[in-house]
Amino acid sequence: MIYRIKNFKDPKIDEDEREKYIQEITAIFETYLASLEKIDDLKLTCIPSNTKIPDDIVFKLSTLSGREIVKIVDKNPNYNVDNKSITTFEESIKHANTKYIFDDVKIKQNEKSQYLIIDDVFGNGSSIFTILKKLYETTHMLNYFLIAVKDVKR
């Protein structure tokens, strides 16, 4: 499903098909979110993607659960390195620290919150590691993530 949404560009997949896939992924994630219901101040956020898959899933999860979305991370508009050219984890971490920019004000405003971070594809883990590390440095709270698929090429 993720592969079709991300890679079928010409011709693009039908919007109904895309929506069906997003609904299926959201339904799976919703069962995991339910297991976190004991957390009083759990916020939802996502790792930005050009496909908007994480954004769509977070929006639907928020609607279903009533949990607040807090956009704490965005892509750095000045970052233009092709991730596919990065070969080591260390190099990938270095680039993830440049690729993402954080809304430190929102993180600080919600420093007693825990987050469920949504992403579409898990590559080598540098993006989620960078975001979890940043959150922990500010909040000292345990945070969670759900990622739809593992990129088996990395």
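The values are calculated or read from the model by the stated rules, or taken from the named source; none is laboratory data. Please read all numbers here as calculations on a predicted model, not as lab measurements. Every residue, glycine among them, receives a Cβ derived from its backbone with ideal geometry; neighbour counts consider all protein chains shown. SASA here: full protein model, heavy atoms, side chains in, ligands and nucleic acids out. Shrake-Rupley method; radii C 1.70, N 1.55, O 1.52, S 1.80 Å.
Observations on the structure shown:
- Region 84-101: number of residues that are touching a Phe, Trp or Tyr at 6+ places or on another chain (Cβ under 6 Å) and open to solvent by 40 Å² or more (accessible area, probe 1.4 Å): 1
So that you can scan it fast, the table gives a plain yes or no per residue for (1) over 24 Å from Glu37 (Cβ atoms); (2) of a type in the set (A, V, I, L, M):
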{"residue": "Thr88", "(1), (2)": "yes, no"}
{"residue": "Ile93", "(1), (2)": "yes, yes"}
{"residue": "Asn97", "(1), (2)": "yes, no"}
{"residue": "Asp104", "(1), (2)": "yes, no"}
{"residue": "Lys134", "(1), (2)": "yes, no"}
{"residue": "Glu137", "(1), (2)": "yes, no"}
{"residue": "His140", "(1), (2)": "no, no"}
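- Region 57-73 - residue that is open to solvent by less than 50 Å² (accessible area, probe 1.4 Å), in a helix (DSSP H, G or I) and of a type outside the set (Gly, Ala, Ser) and, of those, nearest to Lys134 (Cα to Cα): Val58
- Which numbered condition Thr26 fails, given (1) in contact with a Lys or Arg (Cβ under 6 Å, 6 or more places away or on another chain); (2) more than 20 Å from Ile2 (Cα to Cα): (2)
- Filter result (assigned to a loop (DSSP other than H, G, I, E, B) and in contact with a helix residue (DSSP H, G or I) (Cβ under 9 Å, 6 or more places away or on another chain)) within region 35-56: Glu37, Ile47, Pro48, Ser49, Asn50, Thr51
- Residue in region 40-59 that is basic (Lys, Arg) and in contact (Cβ under 8 Å) with a residue 60 or more places away in the chain present: yes
- Among (1) over 16 Å from the mean Cα position of the chain (by Cα); (2) closer than 13 Å to Asp120 by Cβ; (3) small (Gly, Ala, Ser) - the single one Ser49 does not satisfy: (1)
- Qualifying position, being out of contact with any Phe, Trp or Tyr (no Cβ under 8 Å at 6 or more places or on another chain), open to solvent by 90 Å² or more (accessible area, probe 1.4 Å) and either not in a loop (DSSP other than H, G, I, E, B) or not acidic (Asp, Glu) (or both), among Tyr32, Tyr21: Tyr32
- Flag for Val81 being out of contact with any Asp or Glu (no Cβ under 9 Å at 6 or more places or on another chain), among the aliphatic types (A, V, I, L, M) and either crowded, with 20+ Cβ neighbours inside 10 Å or in a loop (DSSP other than H, G, I, E, B) (or both): yes
- Top-ranked residue of region 5-18 - restricted to ones that are open to solvent by less than 90 Å² (accessible area, probe 1.4 Å) and part of a helix (DSSP H, G or I), ranked as nearest to Ile128 (Cα to Cα): Lys6
- Residue in region 80-95 that is touching a helix residue (DSSP H, G or I) at 6+ places or on another chain (Cβ under 6 Å) and farther than 22 Å from Val149 by Cβ present: yes
- Picking from residues in region 102-125 that are of a type in the set (S, T, N, Q) and open to solvent by 10 Å² or more (accessible area, probe 1.4 Å), the one that is farthest from Leu42 (Cα to Cα) is Asn124.
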